[in-house]
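Peer 1: Dropping a structure here in structure tokens format, bear with me for questions.
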Amino acid sequence: MSRALLLAAVVGAFAVNSIDADAETAFLTALEDIPLAPGLTEVKGASLAFEGRDGRILIARAAGPAEFASIKMFYAAALPGLGWARDDGAGEMVFVRGRERITIALSPDAEGGVEAAFTLVVAPASGVVD
């Protein structure tokens with residue numbers, strides 16, 4: 001899926017919620033189709049990627065002066081528009097899309113803001129993990 005299409009989906013999802021449609025939506029570098037909630041900035045150099053026969057794991061971090069509630073509302077509204085479904089049985093910030101599962105963990109950062117840790121796990125095509 002192209003970035004332009006993803007950007008259109010995110011902007012469209014928030015047009016109803018009075019988000020400035022002219023604002024450029026930033027995306028995580030390591031997770032190219034995961035937008036950054038307003039107030040968050042990606043922590044450079046904090047991304048990790050692991051890939052093997054049992055699948056793939058990508059980790060990214062972002063931080064900023066956002067509020068927990070606004071971040072949760074952003075992802076609850078934006079990710080379904082990008083094909084993600086909330087996995088209510090797994091926790092409050094877990095979404096699935098096909099073989100992909102993303103967990104967004106929020107915690108306070110040292111500056112009084114929020115740090116968001118994004119963990120994407122992609123199961124192998126066979127669906128079998130040893």
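Peer 1: Which residues, taken from region 50-104, are under 15 Å from P35 (Cβ atoms) and assigned to a loop (DSSP other than H, G, I, E, B)?
Peer 2: If the condition is that a residue be under 15 Å from P35 (Cβ atoms) and assigned to a loop (DSSP other than H, G, I, E, B), then A66, L82, G83, W84, M93 are the ones that fit.
Peer 1: Give just the number: which of (1) farther than 23 Å from L48 by Cα; (2) touching a Leu at 6+ places or on another chain (Cβ under 8 Å) does V114 not satisfy?
Peer 2: For V114, the exception is condition (1).
Peer 1: If G52 satisfies all but one of (1) open to solvent by 60 Å² or more (accessible area, probe 1.4 Å); (2) free of Cβ contacts under 8 Å to residues at least 12 places away in the same chain; (3) not hydroxyl-bearing (S, T, Y), what's the number of the condition it fails?
Peer 2: Single failed check for G52: (1).
Peer 1: Of the residues in region 110-130, how many are open to solvent by 40 Å² or more (accessible area, probe 1.4 Å) and assigned to a loop (DSSP other than H, G, I, E, B)?
Peer 2: Residues flagged as open to solvent by 40 Å² or more (accessible area, probe 1.4 Å) and assigned to a loop (DSSP other than H, G, I, E, B) within region 110-130 amount to 9.
Peer 1: Checking S107 against (1) in contact with an Asp or Glu (Cβ under 9 Å, 6 or more places away or on another chain); (2) surrounded by 12 or more Cβ atoms within 10 Å (Cβ to Cβ), which single condition isn't satisfied?
Peer 2: (2)
The values are calculated or read from the model by the stated rules, or taken from the named source; none is laboratory data. Everything numeric in this text was worked out from a predicted model, so none of it was measured. Here Cβ is always computed from backbone atoms with ideal geometry, including for glycine, and neighbour counts include all displayed protein chains. Just so you know, the surface numbers come from the protein's heavy atoms only, side chains and all, with ligands and any DNA or RNA stripped out. Shrake-Rupley method; radii C 1.70, N 1.55, O 1.52, S 1.80 Å.
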